[in-house]
1. Please enumerate the residues belonging to region 320-341 that are more than 20 Å from the chain's Cα centre (by Cα), part of a helix (DSSP H, G or I) and in contact (Cβ under 8 Å) with a residue 12 or more places away in the chain.
2. Would you please name the residue that is farthest from Ile50 (Cα to Cα), looking only at residues in region 90-104 that are surrounded by fewer than 21 Cβ atoms within 10 Å (Cβ to Cβ) and either basic (Lys, Arg) or at pLDDT below 95 (or both)?
3. Whether any residue in region 85-95 is within 12 Å of Val62 (Cα to Cα), in the same structural domain as Ser66 (by TED's automatic domain parsing) and not hydroxyl-bearing (Ser, Thr, Tyr) is what I want to check.
4. Here's a check for you: in region 77-89, which residue that is closer than 23 Å to Ile133 by Cβ and of a type in the set (A, V, I, L, M) is surrounded by the fewest Cβ atoms within 10 Å (Cβ to Cβ)?
5. Just a yes or no: is a residue in region 132-140 under 21 Å from Val44 (Cα atoms) and buried (at least 21 other Cβ atoms within 10 Å of the Cβ)?
6. Looking at region 208-254, which of its residues are aromatic (Phe, Trp, Tyr) and farther than 25 Å from Pro88 by Cβ?
7. Just to verify a result, which residue in region 196-215, among those that are within 17 Å of Ile172 (Cβ to Cβ) and within 19 Å of the chain's Cα centre (by Cα), is surrounded by the most Cβ atoms within 10 Å (Cβ to Cβ)?
8. Could you please tell me which pairs satisfy a Cβ distance under 9 Å, a separation of 6+ or placement on different chains, a first residue in region 273-285 that is in contact (Cβ under 8 Å) with a residue 12 or more places away in the chain, and a second residue that is assigned to a helix (DSSP H, G or I) and charged (D, E, K, R)?
Amino acid sequence: MIAPLIFNGEAIEILDQNRLPDEIVYVSCQSAEETAAAIRTLQVRGAPLIGIAAAFGLALAVRNFSGTRGQLEEDFLKSKNLLAAARPTAVNLFWALNRMERVYHNNKGQGIEDLKTALLGTAENILAEDIKINQSIGSFGEGLLGQNSRVLTICNAGALATGGYGTALGVIRAAHHNGKVSQVWACETRPVLQGARLTVWELMQDKIPVTLITDSMAGYVMQLGRVDAVIAGADRITANGDTANKIGTYTLAVLAAYHNIPFYIAAPHSTIDITMDSGRQIPIEERSHLEIKQLRGINLTVPDVDVFNPAFDVTPGQLITGIITETGVIKAPFRENIEKHFACKRGGK
């Protein structure tokens with residue numbers, strides 16, 4: 001399984017996901033500015049991996065700092081804000097940056113070298129923890145699937161979108177390992193084609209049977225009776241279970257409900273934002289119109305046509321069968337059961 005991000009002791013090496021599947025190329029990010037640019041331009045993508053990259057970017061900002069101690073905090077906050085502005089929808093980004101900020105404040109009374117060590121160590125822990133979390137998600141999720149399951153997914157929520165292993169693809173990976181998955185339907189995921197370029201490539205690397213379809217074919221495949229479950233990742237889940245994920249996810253949830261197919265979200269606790277009451281509060285990123293007008297520089301439509309290009313949509317909790325996390329599967333009523341899972345994680349009763 002290819003590593004999407006590697007820390008080499010001096011910089012983070014990021015697998016450039018814009019070059020896949022044609023080329024496997026790593027780009028070096030040696031600063032917060034370079035890391036933010038990599039996040040913004042989708043060289044690194046996927047909610048958990050964005051958070052991991054941002055944590056390293058902030059650690060590198062302090063590592064590279066050469067001013068006076070009095071200027072350090074101003075520089076730290078500037079770097080944090082730069083990274084936070086790179087992608088507004090995925091809450092994992094802010095979760096990771098806030099964790100790094102707590103470590104900064106807990107250690108800023110120490111020597112500068114000790115502070116740098118603490119921040120880099122925390123970023124490395126976030127990476128290592130994410131892989132273990134994804135494996136737990138996979139373990140809980142595969143228990144929901146029967147033998148010879150045919151699973152449909154959208155976008156890429158695999159090793160390429162996380163520290164490794166994956167969330168939605170982590171469930172598929174674990175189920176396939178146990179002989180439960182006979183078919184994966186991968187939606188191409190317009191307009192950037194993360195499903196066609198990344199999910200297909202990742203599953204084929206692991207020899208997991210996958211068939212690519214256009215996003216608009218999903219309903220027909222369900223109508224043919226060829227889908228047993230839909231599993232998607234998430235960029236933010238609110239307190240009531242509403243979930244923001246790649247544009248097109250809401251459509252799949254509506255189709256799954258109509259065809260009586262279970263629809264699951266696979267995501268870590270860091271994706272759940274209990275400060276937001278519902279999906280109406282989630283900021284939805286709108287990306288460049290060129291993503292729809294062009295494909296790799298080739299015009300697909302009339303150049304001056306108006307375009308609406310939201311990167312995400314919100315699936316209401318009522319359409320979600322269960323949210324697969326590292327502590328188990330959360331089911332409705334989501335508001336009550338999400339709070340119970342968080343209380344258990346905090347050591348509550």
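The values are calculated or read from the model by the stated rules, or taken from the named source; none is laboratory data. Just so it is clear, the model here is predicted, and its values are computed rather than measured. Cβ coordinates were reconstructed from backbone atoms using ideal geometry, including for glycine residues, and neighbour counts include every protein chain displayed.
1. Going through region 320-341, the residues more than 20 Å from the chain's Cα centre (by Cα) turn out to be 331-337, 339-341.
Those still in the list that are part of a helix (DSSP H, G or I) too: 334-337, 339-341.
Of everything in region 320-341, those that are more than 20 Å from the chain's Cα centre (by Cα), part of a helix (DSSP H, G or I) and in contact (Cβ under 8 Å) with a residue 12 or more places away in the chain turn out to be Phe334, Arg335, Glu339, His341.
2. Arg102
3. Looking through region 85-95, none of the residues is within 12 Å of Val62 (Cα to Cα), in the same structural domain as Ser66 (by TED's automatic domain parsing) and not hydroxyl-bearing (Ser, Thr, Tyr).
4. By that ranking, first place goes to Ala84.
5. For region 132-140, residues under 21 Å from Val44 (Cα atoms) and buried (at least 21 other Cβ atoms within 10 Å of the Cβ): present.
6. Once the filter is applied, which keeps residues that are aromatic (Phe, Trp, Tyr) and farther than 25 Å from Pro88 by Cβ, region 208-254 yields only Tyr220.
7. Once the filter is applied, the top-ranked residue is Thr199.
8. As it stands, the answer is Ile274/Glu339; Asp277/Arg335, since those pairs meet every condition given.
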